[in-house]
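Asks: This is the structure, below, for whatever I ask next.
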Amino acid sequence: MSDAAEHGNLIGGEWVPARSGRTFTSTSPADREDVVGVFPRSGAEDVTAAVDAARRAFPGWRATPQPARGEVVRRAAQLLRERKEDLARLMTREMGKVLLEARGDVQEAIDMADYMAGEGRRPFGETVPSELTDKVCFTWREPIGVVGLITPWNFPVAIPSWKLFPALLAGNAVVLKPAEDTPLCAARLVEVLLEAGLPPGVVNVVHGLGEEAGAALVAHPDVRALSFTGSAEVGRQVAARGGELLKRVSLELGGKNAIVLLDDGDLDLAIDGAVWAGFGTTGQRCTAASRVIVHRRLVGDFTDGLKARAESLRVGNGLDERVEVGPIINDRQLRRVHSYTAVGVTEGARLVTGGAVLEQGDLGRGHFYAPTIFADVRPGMRIAQEEIFGPTVSVIAAESLDEAIAHANSTVYGLSLSVYTRDVNRAFRAMRELQAGIVYVNAPTIGAEIQLPFGGVKGTGNGHREAGSRALDEFSEWKSVYVDYSGRLQRAQIDTN
Ligand code: NAD
C-alpha cells in the first residue's frame, strides 16, 4: 500500500472509513505537492463506534495479568527498534523535523516502551499497618476503563507513545485521536501494537479534526479519563467539558521557556544551547527556548554570537541530512509565526536577523521561515509572553540573578527553564526559585529523559505528570483494601486502645 493511499480509522481491530465517507489529506510541510495519505474525517458516530469497541475489549484486557500486558509493550519496543529508520523518515516527511531529530522522537517511544514493559512487573502498591489487631490493609492500582488520548503534531510518535504505553500497561482500553497534521505517524505506531499482540479493540484510532472528532471524544460519556497534549486554548475547552462530565482530565499545554545566562556563565555553551533549544524542531517544541535572559554585561556578545549561528543554519527539507532547520508545520502556523515578527517590530524590539518567509528555490514548495532573533526585548512584550511556536527567539537583558529569575517567571506558563552559571550557590537558588516543572543547569530547556516525570506548572497544565515513575497515575485508580481475619466485628476509631 503506498503511503498516499486511503487510510482508515482503527475500530475493533479493523481499519474502516468514516461513516460519513468524508476524508482529509495529510501533506508534507516541506512540499505541499507531496501527499502523505488520505484519512477519515470522523464525526461523533465514528467516535461512538470506537468507544463501544474499547468498552467491549476492556474486561478481557483488564483481566490480563500485568506482566503479560508488559510483554506486549516489550514486543512493541522491539518492533519500533527494527522500524526506527522507516518511522523517522516518515516523520520527517509528514511533520518536517530533520531526520536527526525524527530519530530521537522514535527513540523516545522506544525508551518509553522499554520503561513501561518493566512496569509490567512493578505495579507496586502499599502495605499499611492497621490500627486494629488481626487486620491487614493494602492498596493496588486498577485501570480506569476507556480513556481518550488527544495528541499534537510536534512529536508525532513520542507523544502518542507517552500516553499509549502507560495507559495500556495499566489495563485500560484506549481511543486515540491523533493530530490531523500527522495521522500516518500515529497509525504506524498503533500498527506496531497490533503486531505485538494487543487484542482487537484495546486500542482504537479515530482520525479527524479537533472540533469534530476530538470534541466528540471529550464529550463521550463512556470515556472516563482524557489525556490531552496541545495548546492552552484547546486544553481549556477540554478541561471545561471534561470537568462538567466529572472526567479525569490531564493536560500538557504550552510553554514560554527561557534560558538564563548569568555573568559567570559559559557564553559559548549558552549560545550552543540557545541554538539547539530555540531553532531545533524549528522552534516547535513545547520546551523550546523562545526567550534568552542574559546578564547585561554579556548581552551584546551573546546576541552577536547567536546571530552568527542563526544565519549559518541550513534551512530546508529535513530528508536532506545536511539540513538543520526544517519547515513550519502548515501554512496557518507559518502566517501566525510571521505575524509575531510584525508584533515584535511594532512593540519596539530590534529585529536582529530573520523575520521572513523563505521562498527561494525549493523552499517555495513548503512552509519555511528564517531563524529569527529579536534583541532589546522587554519582558512584558507580547513576543516575550505568548507562545509563538516557531523559530523566533527574544533576547532580554537582566541586571542580576534576582531580576533574571523574575523575568523568567513572568509568563503564564511554567514548563521548562534553564540557567547557565558556574556558581553553585546561584545554581541552587535558581533551581529553587524558577517556576517550572523542569529546570536545567548548564543545559538548554530541551532534552527531557523519559525516566523522569514530565510536565509543567501554572498555565502549562493542571498538575499531572507524564513519563517516569508517575506515568501510571494518569491512567489508574487506587483501591484501598482492608482484610479482617479476627473473626469479630472490629470498629475503626472506636475499638482502638
Ligand atoms: P492543538 O491544541 O491545536 O491540537 C492538539 C490536539 O487537540 C489535536 O489532535 C487537535 O485535533 C485536538 N483538538 C483541537 N481542538 C479540539 C477540541 N475542540 N476538542 C478536542 N480536541 C481538539 O495543538 P497543536 O497545534 O497540535 O500543538 C501545539 C501545542 O501543543 C503547543 O501549544 C505546544 O506547546 C503544545 N505541546 C505541549 C506539550 C507538553 O507536553 N506540555 C508537548 C507538545 C506540544
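Asks: For the range 134-205, just say rounded, prolate or oblate: build the C-alpha gyration tensor, square-root its eigenvalues into a ≥ b ≥ c, call rounded for a/c under 1.5, and beyond that prolate if a/b exceeds b/c, oblate if not.
Replies: Numbers: a/c = 2.95, a/b = 2.15, b/c = 1.37.
Prolate shape, in that a/c is at least 1.5 and a/b is the bigger ratio.
Asks: While we're here: For the chain, what proportion of DSSP beta bridges, expressed in % and rounded to the nearest 5, is antiparallel? If you can, show how the numbers build up before the last one.
Replies: Working: 29 of 69 bridges.
Bridges in the chain are about 40 percent antiparallel.
Asks: Can you list residues whose amide H is under 5 Å from Ile396's amide H, if they're 5+ apart or on another chain and H is modeled 1.01 Å from N?
Replies: Val292, Ile293, Val294
Asks: Any idea what log10 I(q)/I(0) is at q = 0.25 Å⁻¹ for the range 179-252, Debye with uniform C-alpha scatterers and no solvent?
Replies: -1.20
Asks: Just the number please: accessible area per residue for the range 339-433, 1.4 Å probe, all protein chains included, in Å². Walk me through the numbers on the way to the answer.
Replies: Details: 3880 Å² over 95 residues.
Roughly 41 Å² per residue, with all protein chains present.
Asks: Taking amide H positions as placed 1.01 Å from N in the peptide plane, with prolines and chain starts having none, which residues 5 or more places from Leu176, or on another chain, fall under 5 Å of its amide H?
Replies: The list, which skips near neighbours in sequence, is Leu149, Asn204, Val205, Val206.
Asks: In sequence order, what are the phi-derived ³J(HN,Hα) couplings for the range 86-96 according to the Karplus relation 6.51 cos²θ - 1.76 cosθ + 1.60 with θ = phi - 60°, rounded to whole Hz, with x for glycine and proline?
Replies: 4, 5, 5, 5, 4, 5, 4, 5, 7, 10, x
Asks: Additional query: Test of the criteria: in the range 459-491, which chymotrypsin sites (Phe, Trp or Tyr not before Pro) are in a DSSP loop and have at most 14 other Cβ atoms within 10 angstrom of their Cβ?
Replies: On the way: sites: Phe475, Trp478, Tyr482, Tyr485; in loops: Tyr485.
Listed in order of number, the matching sites are Tyr485.
Asks: Consider all pairwise Cα distances in the range 292-423 and report the whole-number % of them above 19 Å.
Replies: On the way: 4593 of 8646 pairs.
Of all Cα-Cα pairs in the range 292-423, 53 percent lie more than 19 Å apart.
Asks: Equivalent-ellipsoid semi-axes (√(5λ), Cα gyration tensor) for the range 260-318, whole Å, largest first?
Replies: Working: eigenvalues 93, 34, 13 Å².
Working through the eigenvalues yields semi-axes of 22, 13, 8 Å.
Asks: While we're on this one: Work out Dmax and Rg for the range 28-98 from the C-alpha atoms and quote the Rg first, both in angstrom.
Replies: Expressed in Å, the Cα Rg and Dmax of the range 28-98 come to 17.6, 48.
Asks: Would you be so kind as to identify which of Met116, Met95, Leu79 lies farthest towards the positive end of the dipole of the range 36-153, taking Lys and Arg as +1 and Asp and Glu as -1 on Cβ and the Cα centre as origin?
Replies: Leu79
Asks: Same structure, new question: If you roll a 1.4 angstrom probe over the protein chains with everything in place, what fraction of the accessible area of the range 1-74 belongs to carbon and sulfur, to the nearest %? Please report the intermediate quantities before stating the final value.
Replies: Details: 1660 of 3440 Å².
Exposed carbon and sulfur together represent 48 percent of the surface.
Asks: Another question, if that's okay. If the only charges are +1 at each Lys and Arg Cβ and -1 at each Asp and Glu Cβ, what is the size of the charge dipole of the range 1-111 around the Cα centre, to the nearest 20 debye? Don't skip to the answer; put the middle values down first.
Replies: On the way: 17 positive and 18 negative charges, 94 e Å.
Dipole about the Cα centre, nearest 20: 460 debye.
Asks: Two decimals, Cα atoms only, Kirkwood Rh: what is Rg/Rh over the range 73-223?
Replies: Working: Rg = 17.8 Å, Rh = 16.5 Å.
Rg/Rh: 1.08.
Asks: Can you list which of the GluC sites (Glu not before Pro) found in the range 105-207 are DSSP loop residues with at most 15 other C-beta atoms within 10 Å?
Replies: On the way: sites: Glu108, Glu119, Glu126, Glu131, Glu180, Glu191, Glu195; in loops: Glu126, Glu131, Glu180.
Filter output for the range 105-207: Glu126, Glu131.
Asks: Among Ala356, Thr48, Met381, which residue has its Cα furthest toward the positive end of the charge dipole of the chain, with +1 on Lys/Arg Cβ and -1 on Asp/Glu Cβ?
Replies: Looking along the dipole axis, the top candidate is Thr48.
Asks: More than 46 Å apart: what percent of Cα pairs in the chain qualify?
Replies: Considering the chain, 15 percent of its Cα-Cα pairs are separated by more than 46 Å.
Asks: 5 Å is the cut-off here: which amide hydrogens, built 1.01 Å from N in the peptide plane, fall below it relative to Gly37, excluding neighbours closer than 5 in sequence?
Replies: Distant-sequence amide H within range of Gly37: Ser26.
Asks: Moving to a separate point now. Any idea what angle helix 158-169 forms with the longest principal axis of the chain, computed on alpha-carbon atoms, 0 to 90 degrees, nearest 10?
Replies: That works out to roughly 10 degrees.
Asks: Moving on to the next point. Which whole-number percentage describes the relative contact order of the chain, with Cα contacts under 8 Å and a sequence gap of 6 or more? Could the numbers behind the result be given before it?
Replies: Working: 1188 pairs, mean separation 87.4, N = 497.
The value is 18 percent.
Asks: Rounded to whole Å and sorted largest first, list the principal axis extents of the Cα atoms in the range 313-360.
Replies: Reported extents, whole Å, longest axis first: 38, 23, 16.
Asks: Using the alpha-carbon centroid of each, what span in Å lies between the range 449-497 and the range 291-338?
Replies: A separation of 43 Å, based on Cα centres.
Asks: If one takes the longest principal axis of the Cα atoms in the chain, at what angle in degrees, from 0 to 90 and to the nearest 10, does the Cα axis of helix 44-63 lie?
Replies: 60 degrees
Asks: Given the DSSP H assignment, sum -39500 (n - 2.57) over each helix run of at least 4 residues in the chain and divide by its residue total; what's the result at 222 nm in deg cm²/dmol, nearest 500?
Replies: Numbers: 14 runs with 178 residues, N = 497.
Result for the chain, helices only: -11500 deg cm²/dmol.
Asks: How long are the semi-axes of the equivalent ellipsoid of the range 446-497, taking √(5λ) for every eigenvalue λ of the Cα gyration tensor, in whole Å from largest down?
Replies: Values: eigenvalues 340, 37, 16 Å².
Equivalent ellipsoid semi-axes, largest first: 41, 14, 9 Å.
Asks: Okay, next question. What is the P(r) of the range 213-334, as percent of Cα-Cα pairs per 5 Å bin from 0?
Replies: 2, 10, 15, 14, 12, 11, 11, 9, 7, 5, 2, 0
Asks: Next up: Measure off, as a whole percent, the carbon and sulfur share of the 1.4 Å-probe accessible area of the range 163-316, all protein chains present. Please report the intermediate quantities before stating the final value.
Replies: Working: 2350 of 4480 Å².
Carbon and sulfur atoms account for 52 percent of the accessible area of the range 163-316.
Asks: Only four residue types carry charge here, +1 at the Cβ of Lys and Arg and -1 at the Cβ of Asp and Glu. Report the dipole size of the chain about the Cα centre in Debye, rounded to the nearest 20.
Replies: Values: 55 positive and 64 negative charges, 179 e Å.
Charge dipole of the chain: 860 debye, to the nearest 20.
Asks: So, one more: Which angle from 0 to 90°, rounded to the nearest 10, does the C-alpha axis of helix 267-279 make with the longest principal axis of the chain?
Replies: The two axes meet at around 70 degrees.
Asks: Restricting to Cα pairs below 8 Å that are 6+ residues apart, what does the relative contact order work out to for the range 115-269? Please round to a whole percent.
Replies: Values: 221 pairs, mean separation 31.1, N = 155.
For the range 115-269, the relative contact order is 20 percent.
Asks: At what distance in angstrom do the alpha carbon centres of the range 123-171 and the range 1-37 lie from each other?
Replies: 32 Å
Asks: Equivalent-ellipsoid semi-axes (√(5λ), Cα gyration tensor) for the range 350-410, whole Å, largest first? Mind showing how you got there, number by number?
Replies: On the way: eigenvalues 178, 24, 12 Å².
Equivalent ellipsoid of the range 350-410: 30, 11, 8 Å, largest first.
Asks: Going through the range 108-143, which trypsin sites (Lys or Arg not before Pro) have at most 15 other Cβ atoms within 10 Å and a DSSP loop state? Each step should come with its number before you reach the end.
Replies: Numbers: sites: Arg121, Lys135, Arg141; in loops: Arg121.
Here the trypsin sites (Lys or Arg not before Pro) that fit, given the DSSP loop and packing criteria, are Arg121.
Asks: With respect to the cross-link table entries Lys177/Lys458; Lys307/Lys458; Lys177/Lys307; Lys84/Lys479; Lys97/Lys177, which display a Cα-Cα separation exceeding 30 Å? Please report the intermediate quantities before stating the final value.
Replies: On the way: Lys177/Lys458 26 Å; Lys307/Lys458 32 Å; Lys177/Lys307 39 Å; Lys84/Lys479 38 Å; Lys97/Lys177 21 Å.
Violating the 30 Å Cα-Cα cut-off are Lys307/Lys458; Lys177/Lys307; Lys84/Lys479.
The values are calculated or read from the model by the stated rules, or taken from the named source; none is laboratory data. The structure displayed is predicted, hence computed values, not measured ones. When we count neighbours, we look across all protein chains shown, and the Cβ atoms used for this are built from the backbone with ideal geometry, even at glycine. SASA here: full protein model, heavy atoms, side chains in, ligands and nucleic acids out. Shrake-Rupley method; radii C 1.70, N 1.55, O 1.52, S 1.80 Å.
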